[in-house]
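Each reported figure results from applying straightforward, stated rules to the coordinates on display, with no laboratory input. Quantities reported herein were computed from a predicted structural model and do not represent experimental measurements. Don't worry about glycine lacking a Cβ; one is built from the backbone with ideal geometry, like all the others, and counts go over all protein chains shown.
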Amino acid sequence: MREDAPPNLDTTADGTRGEAPAEDVEPAGSTAVNPSMTKRFWHGLREFVVVVVIALVASALLRAFVLQAFFVPSGSMLPEIRKDDRILVSRINTIERGEVVVFKDPGDWLESVEQPPPPTGLRKALEWVGVLPASGHEHLVKRVIGLAGDRVMCCEGGKLVINGVRIDESRSLFQGKGPADDQSYDVVVPRDHVFVLGDHRYGSGDSAYHLADGTAFVPVDLVVGRAFSVIWPLGDTHLIRTARLYDELPAGQVPPDEAIVKPVRGSER
């Protein structure tokens, strides 16, 4: 018959033998959490939160001082910019003739059919930090035609005249070789203002359209920046061009403190 195995003995400090201490064995079914795993989890979560906060702060600073994306709610800048496009705007630049700019509404230019509902809740917060493009609720996009002191006339031979020079914009206008605008006017842009028109002249609520209500000239401090690229939809991404013909125009006169307006209304829009 096989004898039982002797108990597990160990020699003590005084030379006697005794039972060896039992090993720490986790009871079956224990749900205890390894402290090192918990520590690693909270450490990782803290790093993730720090990265997200830094990214949001960087995005907000970028939006405030360098770049901002905007949603275009209308087709007034066709064919260059289409309705519902997303555009990227640079805040670091001076305003030049011929550039496409985004500016705050100078006086009820946004019609209800063009104006999207104001953002609320999470979308408003994400727009503020720059994660989502601004919804266009209070902003418009047009092309700068006249700087302070420029004399802008329409039309001679169907062409716009700036500082005495007739220009051919047919390549950039929606109507192509048609008349440059559907109204006639003769204006001098006042100090610290710009005169803006849409590329879809016959369907744009722009400076020419607002000559009668006194809001035609946009204060330069309402200009957010220069639109330089369409970034959405992906199939239509491109840089927004500024035709050289605007660069070749002579400088205007000394800007008057008040606008000089001699409109001659043509056909209604």
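Using mean Cβ contacts within 10 Å as the protection proxy, how do 67-74, 78-85, 252-259 order, highest first?
On the way: 67-74: 20.9, 78-85: 17.2, 252-259: 13.0.
So the order, starting with the most tightly packed, is 67-74, 78-85, 252-259.
Taking N as the number of residues in segment 180-247, what value does Rg over Cα atoms divided by 2.2 N^0.38 Å take? Mind showing how you got there, number by number?
Details: Rg = 14.3 Å, N = 68, 2.2 N^0.38 = 10.9 Å.
Against the empirical 2.2 N^0.38 Å value, I get 1.31 for segment 180-247.
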